[in-house]
Amino acid sequence: MNDPTEGSVREEVRTWLADNWDPNLSLVDWRNKLADSGWGVPGWPKQWYGRDLHAVLASTVEEEFAAINAVGVARTGIRMLAAATILEHGTDVHKKKFLRRILTGEDTWCQLFSEPGSGSDLAGATTRADYDGEKWIINGQKVWTTSAHHADYGLLLARTDWDLPKHQGLTYFILNMKQPGVDVHQLRQMNGHASFNQVFFTDAQIAPQYQVDEKGAGWKVAMTTLAHERRGAGGLGRANHDSGLTGPIYEEERKEIATVMEPYKWYPQRAGRVDLALPRARETGRIEDANVRQEIAKLLIMSKSAGWTAQRARAAQEQGMPQGPEGSLSKLAASNVARQASRVHTLISGADALLTGSDGAMDGVIAEILVSVPATSIAGGTDEIQRNIIAERVLGMEKEPRFDTGPFKDVPKNVT
């Protein structure tokens, strides 16, 4: 059989949509049809709700959906990070139980990685999983967990062997967030939002079939999750788009987006709101200041360069190339852009940038930018971690000295 061409794929999906798209269906019913057809995630394996299409052809399918405003599968939150991890490392049991409900949006997910004593040092996790002969017993704490307060399942990294070096003693699990022994508390941020949670585990239980990959392979599996996170597999940008259309299925989708995307409302401010810099400078007259113009020019150059790097990464992904250095480069660039944007907004607004609410510049939006931007240098791996990755793995520089080798039980911990 000949490989499909862009033209043949476009014609086939266009015909299928003409015969099946119905905006009067419920969101779950429509997405179940998508799962059965393979058109919802055409790049996935045929066995698991896809069509084994190359990424370029999968983009062609997306274009046809957009052309008639057809709703796609659920992509909000970290669902697609969970799906990508399960597809690569999960068993058939995991795929049968979770993948369809990820696509239909019936289950929501969170990522249980960071801890109070091991944020950037992910391999230093001390949440423990002990096997009692029948099940895994989980005790410990996670923090900065987005959406844990309404998640059905969590991707959990826990320590199962304290006698091995820290990277080798971790195991990856799928945890039921609704069970006894899982206690979730939302955290209020200084920008007024409550996106993150701390999660406490007290004898929570995981059946052995919900261990992902081998015992001790947790670090490898976590790297898969993080690689897809860097590539934008969570689809936050796409998911946050409101079509503005009316009809039952669009209303359901709008409610889903509002619920799942609520924790991410401040992310544009965290990125610095580069789009506001030039209009604000013109509105306030600060564009006449040569120093302000110079800083705006620097910001726009940095932002455009970062965008080109991201485009290069996406192009490589579409061609099936492995993850390159663009992930860490883009992450570091995003921090630099956000900080420069914060500087520019301060130069433009002056002391008004410090005022919140109606007293502040843009009714407090500028103040929210200033207090949100520092998070960019921390979330998803600190700037220092990204510099180490770039230096050691990209530039081939000598690795920094390590003092945490040997059995993890003997390594000094950043806990009390």
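The values are calculated or read from the model by the stated rules, or taken from the named source; none is laboratory data. Owing to the predicted nature of the structure, the values given are computational and were not obtained by experimental measurement. So basically every Cβ, Gly included, is an ideal-geometry build from the backbone, and we count neighbours across all protein chains shown.
Tabulated data
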| quantity | calculated |
| --- | --- |
| Only one of Ala341, Ala333, Ala281, Ala353 that is hydrophobic (A, V, I, L, M, F, W, C), in a helix (DSSP H, G or I) and within 22 Å of the chain's Cα centre (by Cα) | Ala333 |
| Some residue of the stretch 293-315 being buried (at least 18 other Cβ atoms within 10 Å of the Cβ), of a type in the set (Val, Ile, Thr) and out of contact with any Ser or Thr (no Cβ under 6 Å at 6 or more places or on another chain) | yes |
| Which numbered condition Thr91 misses (of (1) of a type in the set (S, T, N, Q); (2) surrounded by fewer than 19 Cβ atoms within 10 Å (Cβ to Cβ); (3) closer than 28 Å to Ile378 by Cα) | (3) |
| Pick from the stretch 132-175, criterion surrounded by fewer than 22 Cβ atoms within 10 Å (Cβ to Cβ) and at positive phi, ranking: nearest to the chain's Cα centre (by Cα) | Trp144 |
| Residues of the stretch 27-47 satisfying the condition of being crowded, with 17+ Cβ neighbours inside 10 Å and of a type in the set (S, T, N, Q) | Asn32 |
| Per-region count, the stretch 214-246, residues surrounded by fewer than 19 Cβ atoms within 10 Å (Cβ to Cβ), at pLDDT below 55 and not in a loop (DSSP other than H, G, I, E, B) | 3 |
| Residue count for the stretch 164-206, restricted to those that are over 15 Å from Trp144 (Cβ atoms) and touching a residue at least 60 places away in the same chain (Cβ under 8 Å) | 15 |
| Index of the failed condition, Arg75 passing every other in (1) in contact with a Phe, Trp or Tyr (Cβ under 7 Å, 6 or more places away or on another chain); (2) not in a helix (DSSP H, G or I) | (1) |
| Any hit, the stretch 392-408, residues being closer than 26 Å to Gln294 by Cβ and either in contact with a helix residue (DSSP H, G or I) (Cβ under 6 Å, 6 or more places away or on another chain) or among the β-branched types (Val, Ile, Thr) (or both) | no |
| Residue within the stretch 305-315 that is under 14 Å from His345 (Cβ atoms), among the β-branched types (Val, Ile, Thr) and either more than 17 Å from the chain's Cα centre (by Cα) or in the same structural domain as Arg343 (by TED's automatic domain parsing) (or both) present | no |
| Hits in the stretch 138-163 - residues which are among the hydrophobic types (A, V, I, L, M, F, W, C) and either under 22 Å from His89 (Cα atoms) or outside the structural domain of Asp213 (by TED's automatic domain parsing) (or both) | Ile138, Ala151, Leu155, Leu156, Leu157, Ala158 |
| Cβ-Cβ under 7 Å pairs, at least 6 apart or on other chains, the stretch 334-351 side closer than 15 Å to Glu368 by Cβ, far side polar (S, T, N, Q) and buried (at least 18 other Cβ atoms within 10 Å of the Cβ) | Ala338/Thr376 |
| Which numbered condition Asp359 misses (of (1) out of contact with any Asp or Glu (no Cβ under 7 Å at 6 or more places or on another chain); (2) closer than 29 Å to Thr146 by Cα; (3) surrounded by 11 or more Cβ atoms within 10 Å (Cβ to Cβ)) | (2) |
| Candidates Leu347, Leu354, filtered to the one that is farther than 30 Å from Glu115 by Cβ, surrounded by fewer than 21 Cβ atoms within 10 Å (Cβ to Cβ) and modelled with pLDDT of 95 or more | Leu347 |
| Selection count, the stretch 167-199, where residues are of a type in the set (D, E, K, R) and at pLDDT 95 or above | 2 |
| Top-ranked residue of the stretch 33-86 - restricted to ones that are of a type in the set (Lys, Arg) and without any contact (Cβ under 8 Å) to a residue 60 or more places away in the chain, ranked as farthest from Gln319 (Cα to Cα) | Lys33 |
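Residue-wise test of (1) of a type in the set (D, E, K, R); (2) more than 29 Å from the chain's Cα centre (by Cα); (3) assigned to a helix (DSSP H, G or I).
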residue	(1), (2), (3)
Pro374	no, no, yes
Gly380	no, no, no
Ile385	no, no, yes
Ile390	no, no, yes
Arg393	yes, no, yes
Phe403	no, yes, no
Gly406	no, yes, no
Lys409	yes, yes, yes
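Yes or no, residue by residue, for (1) loosely packed, with under 15 Cβ neighbours inside 10 Å; (2) modelled with pLDDT of 95 or more; (3) under 30 Å from Leu156 (Cβ atoms):
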residue	(1), (2), (3)
Leu17	no, yes, no
Tyr49	no, yes, yes
Leu57	no, no, no
Val71	no, yes, no
Met80	no, no, yes
Phe98	no, yes, yes
Arg101	no, yes, yes
Leu112	no, yes, yes
Gly119	no, no, yes
